[in-house]
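Undergrad: Encoded as structure tokens, here's the structure I'll be asking about.
Only the coordinates and a few stated rules stand behind these numbers; no lab work does. No experiment lies behind these values; they were computed from the predicted model shown. Positions of Cβ are generated from backbone atoms using ideal geometry, with glycine treated the same way; all protein chains shown enter the neighbour counts.
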């Protein structure tokens, strides 16, 4: 079996399972309430317009290679990773808001991300650059993201006992599939990931910090600021991987997505640790 097919299968299983699990924790009322509690429209514009454009312009300004540029664009167009509620819990942020936004944004991503990626890629590489299969990717994302998420919310809404009974099983299977997918890519493309340009990783790190600051500004209190900051800066690696496999069969693009994605995860954990340290100091009365 080809490596691309193996990665695709496990990535689809992981993404669909994670979104199903997110949905199984929520009701339709909770999703609506999470949207009402934040500046949803402005957050939407920042995540689907400003961040992808910043990624495209940063890659173009830095003169990055084609694979690194595509990876940055795909990650830039994929906001609110499923790991955001986990990071929010670690950061003692607004977990309900994190779960609600993490359920809403993937649904929107299924429709907006393919077109945003195509536009941002043209900005970064020009009209003669690599083309993005927007229509095909949209159909795949609707089947992989929208349907599982709505199914999960529906199960929790109308069959809460069964939803809670199977929730942990779904989480374990999807997390295992994600670990296998990420691990397999890392093994197969280890030399390509290790050999990534330091400049490309630094540019991605700089974009992360800018997005984190923008997200923090969009919140209205400490809990919501941390949620929006984490969601705006931590992009959805599984979604970006799926788009890369659908439109760019070269595993070098996939390895660039993984390399940049790992940088985002590490920086996210670093900020969570810094926030927790600052909270402990404040509780201890240290200025």
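Undergrad: Mind ordering 180-193, 137-150 by average Cβ neighbours within 10 Å, highest first?
TA: 137-150, 180-193
Undergrad: For the stretch 181-255 and the stretch 72-99, compute the distance between their C-alpha centroids and round to whole Å.
TA: Here the two parts' Cα centres lie 12 Å apart.
Undergrad: Kirkwood Rh and Cα-based Rg: tell me the resulting Rg over Rh for the chain, rounded to two decimals.
TA: The Rg/Rh ratio comes out at 0.96.
Undergrad: Ok, one more. Listed highest first by mean packing, meaning other Cβ atoms within 10 Å per residue, what order do 202-211, 13-22 come in?
TA: 13-22, 202-211
Undergrad: Now, a different point. If I model a spin label as a point 7 Å beyond the Cα along the Cα-Cβ vector, how far apart are those points for residue 90 and residue 57 in nm?
TA: Modelled inter-label distance: 3.1 nm.
Undergrad: Rounded, prolate or oblate for the stretch 26-98? Axes are the square roots of the Cα gyration tensor eigenvalues, ordered a ≥ b ≥ c, and the cut-off for rounded is a/c under 1.5.
TA: It is prolate, given that a/c is not under 1.5 and a/b is the larger ratio.
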